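For reference, the structure is listed below as C-alpha cells.
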Amino acid sequence: MLPLCKCALGPNRVGLFGTLQAVADVVKLLLKEIVTPKDADHFLFALAPFLVTTVSFLALAPISFAPGIQLWDINIGILYITAVTSIGVIGILMAGWSSNNKYSLLGAMRSGAQIVSYELSAGLSLLAIVVMVGSLSVNDIILSQADGWWIFKGHLPAFVAFVIFIIASTAELNRAPFDLAEAESELTAGFHTEYSGMKFAMFFLAEYTNMLIASMLAATVFLGGWQPLHIGGLDGFNHVMAFIPGILWFFGKTFTIVFLIMWFRWTFPRLRIDQLLKLEWKYLLPMSIVNILVAAFITISGWHF
C-alpha cells in the first residue's frame, strides 16, 4: 500500500462550500517570498505589476454603477476607458523584457501583438453604438436606453457589434481560448513566469479587474447599464421591472457577461497564434468596419427605434 501524501485542500473544502478559498489564497500570496531573478532589470521588474494593476483601476472611474453612483462623469468616458486600458500592454511588455527569461519575453511579445490587434475590433464595435447615440459620455449612452437597450433597438449592427466586442474583449484579456501568452505547455507561465508572491498576485488581480471592466462596459453600452428591461405595451411588466434597484440591474448584467466569458474558457480549445491573428485581421476587423458603416447609414436614415 502506498503511503498517503499530504495534499493541498480542494477549492470546495476551505470554509463553507469553499467560500473562504479566495481569502486563503490571498493570505498565501501575502506570505510568500518575492523572488527577483539575479540578472533581471530590478526597477522595471518591480514596476510592471504596479503599472498593470493601476491602469486596471483607473479604467473604473467613468463607469456608472447606478443613478448618481459614478466616480467621474466625463463627457468622453468611452474614449477614456479605451485609452487607459490600452496602456496595460506596456506593463506586460515591461514584465517580459525585464525578467531576462526567454519564455517571459515570448509570452509578452505574443500578448502585445494580441492586445494591439484586438483593440481595433473592440474599439470599432463600441464606436457603432457611439455613432447611434451621438455622444461618448457614459451617462448619455445609458439614458439613451431608457426606452430600450441598444442590443434590441439598434437592429443588426448593434447585435453584431456586441458579439464582436465580447470576442475581442476575451482576446484582449488573454483568456482562453486566446491565452497564447500564458500557454503552459509552451511558455511555462508566459510573461509572469519569474514573478512570485504579491507581484504575481497583482497580475492576476489586473486580469480579473479587466474582465470585470470589459463586462461592465458591455453591460453599459449594449444592455442599458442600470436601466431596467422595458417592453413596449406591457405597462404592468415595466412597472415591476422599475421596482428593481438600478445597481442590481447593472451587476446582474455584468456578471452574466462574466459568466459568458468564463464559459468560453470551459468550452473552446486554445487557438494557435496564426489562427488567433487570422481571426482578427481577416474576419473581425473587416466585419467591424462594414458594421460601423451600416450603423452610420441607419443613424443618418433614422431607422433605429
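The values are calculated or read from the model by the stated rules, or taken from the named source; none is laboratory data. Please read these numbers as outputs of a predicted model, since none were measured by experiment. Backbone-built Cβ (ideal geometry, glycine too); neighbour counts: all protein chains shown. For accessibility, only protein heavy atoms count, side chains too; no ligands or nucleic acids. Shrake-Rupley method; radii C 1.70, N 1.55, O 1.52, S 1.80 Å.
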### Message
Can you compute 3J(HN,Hα) from phi for each residue in the stretch 234-243, using the Karplus curve 6.51 cos²θ - 1.76 cosθ + 1.60 with θ = phi - 60°, rounded to whole Hz and x for Gly and Pro?
### Response
9, 5, x, 4, 5, 5, 5, 4, 5, 6
### Query
Rounded to the nearest 0.05, what FRET efficiency is calculated for GLN21 and ASP235 with R0 set to 51 Å and r the Cβ-Cβ distance?
0.65
### Residues of the chain: accessible area per residue with a 1.4 Å probe, Å²
52
### Message
Could you tell me the calculated FRET efficiency between LEU120 and PHE43, based on Cβ-Cβ distance and R0 = 30 angstrom, to the nearest 0.05?
### Response
0.40
### Message
Around PRO37, under 13 Å between beta carbons, what's the net of Lys plus Arg minus Asp minus Glu among the other residues?
### Response
0
### Message
Checking a compactness column here: for the stretch 1-129, what do you get for Rg(Cα) / (2.2 N^0.38 Å), N being the number of residues?
### Response
1.45
#### Entry: Linear extension gain, ASN12 paired with ILE76, 0.36 nm per residue minus alpha-carbon span
18.7 nm
#### Entry: Sequence-distant residues sharing a close amide H with LEU271 (under 5 Å, placed H)
ASP179
### Query
What is the set of long-range amide H partners of ALA66 at a cut-off below 5 Å, with H atoms built 1.01 Å from backbone N?
none
## Note on the structure
With T = 37 °C, eta = 0.692 mPa s and Kirkwood Rh from C-alpha pairs, the Stokes-Einstein D of the chain in µm²/s is about 157
### Query
Please state the relative contact order of the chain as a whole percent: Cα pairs under 8 Å, 6+ residues apart?
24
### Task
Excluding residues on the same chain fewer than 8 positions from LYS282, give the aspartates and glutamates whose Cα lies under 13 Å from its Cα.
ASP274
### Query
Per-residue accessible area for MET287 at 1.4 Å probe radius, Å² rounded to 10?
90
### Query
Distances over 24 Å make up what percent of all Cα-Cα pairs in the stretch 84-186?
37
#### Entry: Spatially proximal lysines relative to LYS38 (Cα-Cα < 22 Å; intrachain offsets below 8 disregarded)
LYS102, LYS199
### Summary
Spelling it out for GLY148: with amide H atoms placed in the peptide plane at 1.01 Å from N, the residues 5 or more places away or on another chain with amide H under 5 Å from its amide H are none
### Task
Mind checking the stretch 248-293 for trypsin sites (Lys or Arg not before Pro) that DSSP puts in a loop (not H, G, I, E or B) and that have at most 11 other Cβ atoms within 10 Å?
ARG272
### Query
Could you give the length gained on full extension between PHE259 and VAL35, defined as 0.36 nm per residue of separation minus the Cα-Cα distance, in nm?
77.2 nm
### Summary
Under the 7 Å Cα-to-Cβ spin-label approximation, ASP274 and ASP140 lie apart by a distance in nanometres of 4.5
